[in-house]
1. Mean residue ellipticity at 222 nm from the helices of the chain, using -39,500 (n - 2.57) per DSSP H segment of n ≥ 4 over the full residue count, to the nearest 500 deg cm²/dmol?
2. Quick check on region 51-160: take the gyration tensor over C-alpha atoms, sort the square-rooted eigenvalues as a ≥ b ≥ c, and tell me if it's rounded (a/c under 1.5), prolate or oblate.
3. Treat region 198-241 as a sphere of radius equal to its Kirkwood radius over Cα pairs and apply Stokes-Einstein at 20 °C in a medium of 1.002 mPa s; give the translational diffusion coefficient in µm²/s, rounded to a whole number.
4. Checking a compactness column here: for region 74-133, what do you get for Rg(Cα) / (2.2 N^0.38 Å), N being the number of residues?
5. Given the options 141, 155, 29, state which has the largest fluctuation in a GNM of the chain using a 10 Å cut-off (strictly under) for Cα springs.
6. Hey, how much of the P(r) for region 153-260 falls beyond 17 Å, as a percent of Cα pairs?
7. Assuming a ≥ b ≥ c are the square roots of the Cα gyration tensor eigenvalues, decide whether region 98-227 counts as rounded (a/c under 1.5), prolate (otherwise, with a/b larger than b/c) or oblate.
8. Between residue 79 and residue 11, what is the FRET efficiency for a Förster distance of 35 Å, r being their Cβ-Cβ separation, to the nearest 0.05?
């Protein structure tokens, strides 16, 4: 089925393949999400090993928010995908410096002795770009080494904003850019008791995410990049965030399928 024709007038779906930050635990792998109707993956953490189970179509485009290992280690798993699934094209998008670091270090012959057959696309000079019928824009975020947020827009008007590894941008420019998304996929690595640690490591916490949600008014908020040391069903006091949100709130779990 043609991906574009499927998108128009239908609910979109996103697979949560990895929903933890920093390192995996027994409940969650690290950051990886997949949009089957568009063939787009958001980051490539250790959850990437689950991709062959949900892969659709014969192309794969990966949007990297940054180069930290919990978002890129799964790129080395793509050799299995290439060997077991009829994928014809893999494209990897991100800032030039981050792509270079991944290619030089993660795929150094002493680290990984096989060449990944993929095309690497720097976004630095692109105000926007397209993947099939999806229009993409991006913004830099505050995080050690820097990260980027992505906004994906489909021809039927649906919009997804992916914002992880950030302290939570409440600037007028960012709020206007991300306002009223059909799905806001936003990190919430820490609860309020760990604000100091959140600021030190460049991550979001409960009250900051509540503020972002109130200002940006997403139709659905999917909270992710959860602290792997917190394994309770509610590690971030989601009621605090829900109070500031008119739309639906979902706490990401590995294996969860979310429609928007």
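1. That calculation yields -5000 deg cm²/dmol at 222 nm.
2. It is oblate, given that a/c is not under 1.5 and a/b is not larger than b/c.
3. 187
4. 1.23
5. In the Gaussian network model the winner is 155.
6. 49
7. It comes out oblate by the Cα gyration axes.
8. Efficiency at R0 = 35 Å is approximately 0.60.
The numbers here are math on the coordinates, done by the rules we state, and not lab data. All figures in this text were calculated on a predicted structure; none of them were measured in a lab. In this analysis, Cβ positions are derived from the backbone assuming ideal geometry, glycine residues included, and neighbour counts consider all displayed protein chains.
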